[in-house]
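What follows is a single structure, written as structure tokens, with notes after it.
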Amino acid sequence: MLDQIVFYFFAALAAISAVLVVTRRNIVQCAIFLITALLATAGIFLQLHAEFLFIVQVILYAGGIMVLFVFVIMLINLDISLHQAQYNRQWWLGLLLALVVGAHLILAVAVGRSVLPFGEPAPATMLEPSTQIVGRTLFGEYMLPFEIASILLLVAMIGAVVMAKKKV
Amino acid sequence: MADERIPFATHAESTVLGADEIVLNMGPQHPSTHGVLRVKLRLDGEKVIGSECVIGYLHRGVEKIAEHRSYQQFAPYVDRMDYVAAVSNGLGYCEAVEKLLGAEAPPRARVIRVILTELQRIASHLFWLGTHALDIGALTPLFYCLREREEILKIFEKYCGARLTTHAFRIGGLQYEAYDELEKDVERFCKPFDKRVDEYESLLTENRIWVGRTKGIGILTAAEAIDYGASGPVIRASGVKWDIRKAMPYAAYDQYKFEIPTGKNGDTYDRYIVRLEEMRQSRLICLQAIENIPAGPIMGKVGKVLKPPPGEVYHAIEAPKGELGYYIVSDGTTQPYRVRIRPPSLINLEAFDKMIRGHLVADVVAIIGTLDIVLGEVDR
Amino acid sequence: MHAVIQYLISIWVPLVCALVIVGVLPLVTGYIVLMERKVMADMQARLGPMRVGPHGLLQPIADAVKLLIKEDIIPDEADKAIFWIAPLISVTAGMLAMSALAIGPWFQIADLNVGLLFIVGISALGIFGIVLGGWSSNSHYSLLGALRSAAQLVSYETAAGMAVVGALLLAGTLSTREIVTAQGDYGTWFIFAAPVGFFIYVVASIAETNRAPFDLPEAESELVAGYMTEYSGFRWALYFLAEYTNMVVVASIATTLFLGGWLRPFAGTPAFNFLDYFPSALMIFVGAYCLYRAPKQPVKVQQLFMMVLGLAFFGVALILAAPLIGRVNDMLPGLKPGLHGAFWFLLKVGSYIYLFMWLRFTFPRYRFDQLMRLGWQFLIPLSIVNVMGIGLALVLHRQWGWSHWTAFPLTTALTLLVAGWLGWAGEKKDKEHVFVGES
């Protein structure tokens, strides 16, 4: 019961904040709602006892990436962007697309319910600590993909440095 | 080089990043401009590419006031210029008028003048050190400095009743005889004082952060310092051995042995070292002076009403901040016709723009601090 | 019946702990400020606050009341909602981070298996309070302070994180409780196995909490008061609370990771068991000092206050001494680690905070470029080398069978060598960069 309430609270928080991210005009407020959405998602992770995922979400998305976002937002001139027209003239097109996608999803679930078997929900309280498992899996079974991803990130980082470092 | 002295005249210098230049106002209400100095900074990012000091917020018309006061009446006013070193101001003025009168203070008076003036130099440097360190972020030296300064102020208070604006000297000599324990008090202060200076040094001199914040900051070469007419510790730190106490001895300075400390690089660090060494030298002068204070009168033969013969005189002394000069014109009446004061702070401040260019905003406070300006003296 | 009690304990103990943290922490913060002012006064040949209560002991309460009833000024052009909420974010983040701390084996809200990451991550969220507060104030000083603060935190967070990783390698777990237990099993605190890591963490944690000599965001001689320039009254007090809470948090992390958490010094050596009497002895000493000072207070109320305070310390001494009595210990075997653990933990946290204060009153302030250079060109490379060094030591120890006493000093020496090289190279580079006038 309590679990359900907590879940619906986080879910509603995430959904509402996500909507507000796109509807608010002030970018700083948008950023704050994005942070809220990310944290609410993190909350759901925590409820699923995916503690490592939870903390990675908090540290990387909320703590790292969003700080940089906010940092950049503050450096640009807000007053101008507040009064600029936003690209919302095709709102009807967007609504249509959203309806189509939504219909697809509902259909998929409705059809899939009878065709595909749903797994039993895991007993959340019985899971063993996940951090060690994540670590072992990443560095054991998925060592190669993990390293490839690391190299990709390294390449991106070096590329950014090279591009940013103009000749002064 | 041509437009260097007119920082806001042209925009010829291109900025490194092509970013817009910002003009930042520091002061007149700012915790570390040492009073009501206003500095307009032209910034490229955090780098200073030009500056202009706006002065005059503390202008009281001291020179004009002089024209409507008798010679004695004007003496207390000079204390209010460099209020951190009131005794030195008084000494310069009294000696200038004495020179105009052709009178001379008796030897006893001159020796006591030297003692008090050197104590004042120590007090002024202590106050400078404390606030300078505070600007750069070291909180503690200030209180150690004030502790020692308090001792000096107590000596002043015992001698003439005032601590800050002392009006300690009179034209022609002294008003007050030295109190009985003056020598003892001075000795008690001076004997352990070099240990105290070592204590300040142990906090700052070899501290990596302090060195990083002061070395190479605000360099003034010897030639530049001479060009700008800088004086006092500012010019000595640039390596010019110029001290009026040696060059044109006044009061009783020719009787005492002391060194003129000089620096090499003319940066903020050297000015710091020079001032610390000056405190040590002042201590030595005080110790020499109290050993032998001649007996005799303390007031020379000047009348109650001073009427100097028509003429003019320029007399400069080595105040704690540099050359403090009084140019007095007499028309034969009881009031000076014109008094012109050469305040060391103002002249030293002129080098500010040269020193700050190319440094960061955080260095502004370091350079204002190292110039040791007192706005009461800059604006008069 | 037993199950019900167990259930209640599992619910109520964390709740009580949480309430204690939320309720007591502001008071503790107030007294840390008092301690800071007293320490500062002592180092600067002054007395510090002496007026409110004997020796200024009630000063924090007076300050809190003053801040509560002060007018809460919100600038006209400020973004009101964000201005209003920003300090709350900072405080919440700081307090939330405390929930995973283990103050003794008894006192812990939740023993997460990502405990340490949780503390580090959540306390880093406090930066949003600073950045948003600075931005919403609509003042240049505030914005500059906020940006400096953010840049500083992001840079030093990396170094601090790597230093933490070093210690985590040794512990092999993220749970705060198990890290301390690991140090007990290991035999020494991790500060002796990884001194370089501890040093890096000290420097980085000072920078992260914006304390001198890295207090550039609040450099009053340059930026007036940084991001809190426009704040007043209780909102300002909240920022203050957040700052000191963060200090407590980083001190707790350092204590947990490097200083053995709640373990007594020489916990594993029976020869040092006399140290068990130290908590009581210290309390008795403080209480006796209070009683000794009591008659010297000028007012009767203050004399009474000091006497009560002295007796209270004696009471605490008694409580701390209770588990040392054999019979009590037999009855409640958990009492001793619980009480003494909390005592040692708080003592270590206090010492760490004292170190912060000591540094603050000793050093001048860094310039911003120097700060960044120190962070990026010295601390971060060094922290990476440190992690590699500890890894190497662990390989030598566990797989090649070297003893602790050869493996760790060797790698520490190697790391120090690298540190020396980094410092030397940085200095050389500095010399090339010396400013030589602009023409």
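A compact table of results
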read-out	value
Every residue from the range C:92-117 that is open to solvent by 20 Å² or more (accessible area, probe 1.4 Å) and facing chain A (nearest Cβ under 7 Å)	C:L112, C:N113, C:L117
Per-region count, the range B:307-331, residues outside any loop (DSSP other than H, G, I, E, B) and open to solvent by less than 10 Å² (accessible area, probe 1.4 Å)	9
Search result, residues across the range C:383-407 that are closer than 16 Å to C:I191 by Cα and buried (at least 17 other Cβ atoms within 10 Å of the Cβ)	C:S383, C:N386, C:V387, C:G389, C:I390, C:A393, C:L394, C:A407
Test result for B:E183, assigned to a helix (DSSP H, G or I), more than 19 Å from the chain's Cα centre (by Cα) and at pLDDT 85 or above	no
Answer residue from the range B:212-246, given it is within 14 Å of chain C (Cβ to nearest Cβ), open to solvent by less than 10 Å² (accessible area, probe 1.4 Å) and in a helix (DSSP H, G or I) and is farthest from B:Y269 (Cα to Cα) among those	B:A225
Number of the condition not met by B:A138 [criteria: (1) within 14 Å of chain C (Cβ to nearest Cβ); (2) assigned to a helix (DSSP H, G or I)]	(2)
Counted residues, the range B:42-69 - those being under 21 Å from B:A351 (Cα atoms) and not charged (D, E, K, R)	12
Hits in the range C:71-85 (condition: open to solvent by less than 50 Å² (accessible area, probe 1.4 Å), more than 10 Å from chain A (Cβ to nearest Cβ) and closer than 21 Å to A:M66 by Cα)	C:F83
Among the residues listed as A:L39, A:L75, A:L60, A:L48, the single one being at pLDDT below 85, within 14 Å of chain C (Cβ to nearest Cβ) and closer than 23 Å to A:L2 by Cβ	A:L48
Selected residue (criterion: nearest to A:I133 (Cα to Cα)) from residues of the range C:126-150 that are facing chain A (nearest Cβ under 9 Å) and open to solvent by 20 Å² or more (accessible area, probe 1.4 Å)	C:L147
Any hit, the range B:111-133, residues being among the basic types (K, R) and touching a Pro at 6+ places or on another chain (Cβ under 8 Å)	yes
Residues satisfying the stated conditions in the range B:139-154, i.e. in contact with a Lys or Arg (Cβ under 8 Å, 6 or more places away or on another chain) and not charged (D, E, K, R)	B:L139, B:F143, B:Y144, B:L153
Selection count, the range B:177-193, where residues are among the basic types (K, R) and farther than 13 Å from B:I293 by Cα	2
Enumeration of residues in the range C:312-371 that are of a type in the set (K, R) and either away from chain B (no Cβ under 14 Å) or under 22 Å from C:L34 (Cβ atoms) (or both)	C:R327, C:K336, C:K348, C:R360
The range B:153-174 - residue that is over 21 Å from the mean Cα position of the chain (by Cα) and of a type in the set (G, A, S) and, of those, farthest from B:L101 (Cα to Cα)	B:G161
In the range B:141-152, the residues that are more than 10 Å from chain C (Cβ to nearest Cβ) and open to solvent by less than 10 Å² (accessible area, probe 1.4 Å)	B:C145, B:E148, B:I152
Matching residues, the range B:323-367, being out of contact with any Asp or Glu (no Cβ under 6 Å at 6 or more places or on another chain), closer than 16 Å to B:Y228 by Cβ and within 14 Å of chain C (Cβ to nearest Cβ)	B:A351, B:D353, B:K354, B:M355, B:I356, B:I367
Test set (1) more than 14 Å from chain B (Cβ to nearest Cβ); (2) under 30 Å from C:T255 (Cα atoms); (3) crowded, with 18+ Cβ neighbours inside 10 Å - C:I61 fails condition number	(3)
Some residue of the range B:174-196 being touching a strand residue (DSSP E or B) at 6+ places or on another chain (Cβ under 7 Å) and either open to solvent by 50 Å² or more (accessible area, probe 1.4 Å) or within 27 Å of B:V302 (Cα to Cα) (or both)	yes
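Matching residues to (1) more than 18 Å from the chain's Cα centre (by Cα); (2) within 17 Å of C:F305 (Cβ to Cβ); (3) in a helix (DSSP H, G or I):
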position: C:V16; (1), (2), (3): yes, no, yes
position: C:V24; (1), (2), (3): no, no, yes
position: C:L27; (1), (2), (3): no, yes, yes
position: C:E36; (1), (2), (3): no, no, yes
position: C:M50; (1), (2), (3): yes, yes, no
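For every residue, the table says whether it meets (1) outside any strand (DSSP E or B); (2) open to solvent by less than 30 Å² (accessible area, probe 1.4 Å).
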| residue | (1), (2) |
| --- | --- |
| B:V302 | yes, no |
| B:V305 | yes, no |
| B:T333 | yes, no |
| B:V339 | no, yes |
| B:M355 | yes, yes |
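The values are calculated or read from the model by the stated rules, or taken from the named source; none is laboratory data. None of the values given here were measured: they were computed from a predicted structure. Neighbour counts are summed over all protein chains in view; Cβ atoms, including those assigned to glycine, are modelled from backbone coordinates with ideal geometry. SASA here: full protein model, heavy atoms, side chains in, ligands and nucleic acids out. Shrake-Rupley method; radii C 1.70, N 1.55, O 1.52, S 1.80 Å.
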